[in-house]
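**Student:** Got a structure for you, questions after.
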Amino acid sequence: MATISNWIEGTRPRTLPAAIAPVLAGSGVAWFAGGFDPVLATLALVVSLALQLGVNFANDYSDGIRGTDADRVGPLRLVGSGLVAPKRVLVAAFGCFAAAAVAGLSAVWITGDWWLLAVGAAAIAAAWFYTGGPHPYGYLGLGEVFVFVFFGLVAVGGTVYLQLGWVPISGWWTAVAVGALACAILVANNLRDLETDRLAGKLTLATKLGDRGTRAFFLALLGLSTLAVLGVAATSSWWALLGLLMAITLVGPVIQVISGVRGPRLIPVLKQTGLAELACAAGLAVGLLIAR
């Protein structure tokens, strides 16, 4: 039990913000447009959380059997540490994917938008092939692209579409704001693991950009998210500027990244950036709630 608790604690900075933020922000957009549906919002949250947990278990399994986690800087990994059998972690991953599929199927059955099943299948495939399969795209420097697409555009856009049947411009700006911060969490994670990933042959975007380029990319993503919040406000209500409350949480990460902090000392950056993602989503949702 202690092993699982430690694993959950280590993955929480990525799991909870990336799961809750898209649904919270997307539901705020739906509320503003007059189409909020608590049942569909809940199903979207189940899908999002199950996929996030599934990704974490799948990454733990795939990286563990490849030996990528043999010399790990970050939090505990179940397979890499040898504390949990790989097969059990694999079963947990596919169990989460199955839960996401059931919740997604329920939402599609309610809305009648059966084409969304293809989107859900693509999301599950993206979750597995990030580090799984013979040619994982996470080892080719494409992780950030898929995180932005699936935990930003698809997650937020999908939440809005389920409830409204369409996605307004403010919804796409919201997706960019949330997706950029989700991407920033991954960039901080890969910056932390930069040297060990190089040694393990894991070619993340950070290993390609180098230390300085990765830090600049992290700051650029924060800037993009800020710009996107302004876009939400300009296309809905200026109350959406409450999403900029994320800036309070981002002061620490910006200082640490600019100052050149490395290795385990970057772990707080992941946590604080995750909190910023939640703060951004909550600010947008509350602002749009007030505006409505």
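**Student:** What pairs come out if I take residues in the range 199-223 that are surrounded by 14 or more Cβ atoms within 10 Å (Cβ to Cβ) and pair them with residues that are of a type in the set (S, T, N, Q) whose C-beta lies under 6 Å away, six or more apart or interchain?
**Tutor:** Ala200/Thr68; Lys202/Thr68; Thr204/Asn190; Ala206/Asn190; Ala206/Thr214
**Student:** Turning to a different aspect of this structure: Evaluate the following for Gly165: is it under 18 Å from the mean Cα position of the chain (by Cα) and closer than 29 Å to Leu284 by Cα?
**Tutor:** no
**Student:** List every residue pair whose Cβ atoms lie under 6 Å apart, where the two residues are 6 or more positions apart in sequence or sit on different chains, the first residue falls within the range 13-32 and is closer than 16 Å to Thr273 by Cα, and the second residue, located anywhere, is of a type in the set (Asp, Glu).
**Tutor:** Pro17/Glu277; Ala21/Glu277
**Student:** I've got another one for you. Residues to consider are Ser62, Ser48; find the one that is more than 30 Å from Leu199 (Cα to Cα), buried (at least 20 other Cβ atoms within 10 Å of the Cβ) and hydroxyl-bearing (Ser, Thr, Tyr).
**Tutor:** Details: Ser62 fails: more than 30 Å from Leu199 (Cα to Cα).
From the options Ser62, Ser48, the qualifying one is Ser48.
**Student:** Using the structure shown, decide if Leu53 is more than 19 Å from Ala175 (Cβ to Cβ), at pLDDT below 85, crowded, with 19+ Cβ neighbours inside 10 Å and in contact with a Ser or Thr (Cβ under 8 Å, 6 or more places away or on another chain). Before the answer, list the steps.
**Tutor:** Values: more than 19 Å from Ala175 (Cβ to Cβ): yes; at pLDDT below 85: no; crowded, with 19+ Cβ neighbours inside 10 Å: yes; in contact with a Ser or Thr (Cβ under 8 Å, 6 or more places away or on another chain): yes.
Considered against the rule, which asks whether it is more than 19 Å from Ala175 (Cβ to Cβ), at pLDDT below 85, crowded, with 19+ Cβ neighbours inside 10 Å and in contact with a Ser or Thr (Cβ under 8 Å, 6 or more places away or on another chain), Leu53 comes out as no.
**Student:** Separate question: So in the range 151-192, with the set limited to residues that are touching a residue at least 60 places away in the same chain (Cβ under 8 Å) and among the aromatic types (Phe, Trp, Tyr), which one is farthest from Thr15 (Cα to Cα)?
**Tutor:** That would be Trp173.
**Student:** Here's a follow-up. Taking only pairs six or more apart or across chains, which ones have beta-carbon atoms under 7 Å, a first residue in the range 227-250 that is closer than 13 Å to Phe32 by Cβ and without any contact (Cβ under 8 Å) to a residue 60 or more places away in the chain, and a second residue that is among the aliphatic types (A, V, I, L, M) and surrounded by fewer than 16 Cβ atoms within 10 Å (Cβ to Cβ)?
**Tutor:** These pairs meet every condition: Trp239/Ile290.
**Student:** Can you tell me which residue among Gly283, Gly260, Gly231, Gly287 is out of contact with any Phe, Trp or Tyr (no Cβ under 6 Å at 6 or more places or on another chain) and at pLDDT 95 or above? If you could, list the steps in order and put the result at the bottom.
**Tutor:** Working: Gly260 fails: at pLDDT 95 or above; Gly231 fails: out of contact with any Phe, Trp or Tyr (no Cβ under 6 Å at 6 or more places or on another chain); Gly287 fails: out of contact with any Phe, Trp or Tyr (no Cβ under 6 Å at 6 or more places or on another chain).
On inspection, the qualifying residue turns out to be Gly283.
**Student:** Would you mention how many residues in the range 248-292 are surrounded by fewer than 16 Cβ atoms within 10 Å (Cβ to Cβ) and closer than 21 Å to Ala180 by Cβ?
**Tutor:** Residues flagged as surrounded by fewer than 16 Cβ atoms within 10 Å (Cβ to Cβ) and closer than 21 Å to Ala180 by Cβ within the range 248-292 amount to 5.
**Student:** Further, regarding this structure: Just checking, how many residues over the range 209-219 are more than 22 Å from the chain's Cα centre (by Cα) and under 18 Å from Gly252 (Cβ atoms)?
**Tutor:** Count: 0.
**Student:** If you check every pair at least six apart or on different chains, which have Cβ atoms under 7 Å apart with a residue in the range 93-110 that is within 28 Å of Arg77 (Cα to Cα) first and a residue that is of a type in the set (Ser, Thr, Tyr) second?
**Tutor:** Taking only residues 6 or more apart or on different chains, the pairs are Ala93/Tyr61.
**Student:** For the range 220-239, enumerate the residues that are under 16 Å from Cys280 (Cα atoms) and within 20 Å of the chain's Cα centre (by Cα).
**Tutor:** Once the filter is applied, which keeps residues that are under 16 Å from Cys280 (Cα atoms) and within 20 Å of the chain's Cα centre (by Cα), the range 220-239 yields Leu221, Leu222, Gly223, Leu224, Ser225, Thr226, Leu227, Ala228, Val229, Val232.
The values are calculated or read from the model by the stated rules, or taken from the named source; none is laboratory data. All of these numbers come straight from a predicted model, not from anything done at the bench. Neighbour counts run over all protein chains shown; Cβ positions are idealised from the backbone, glycine included.
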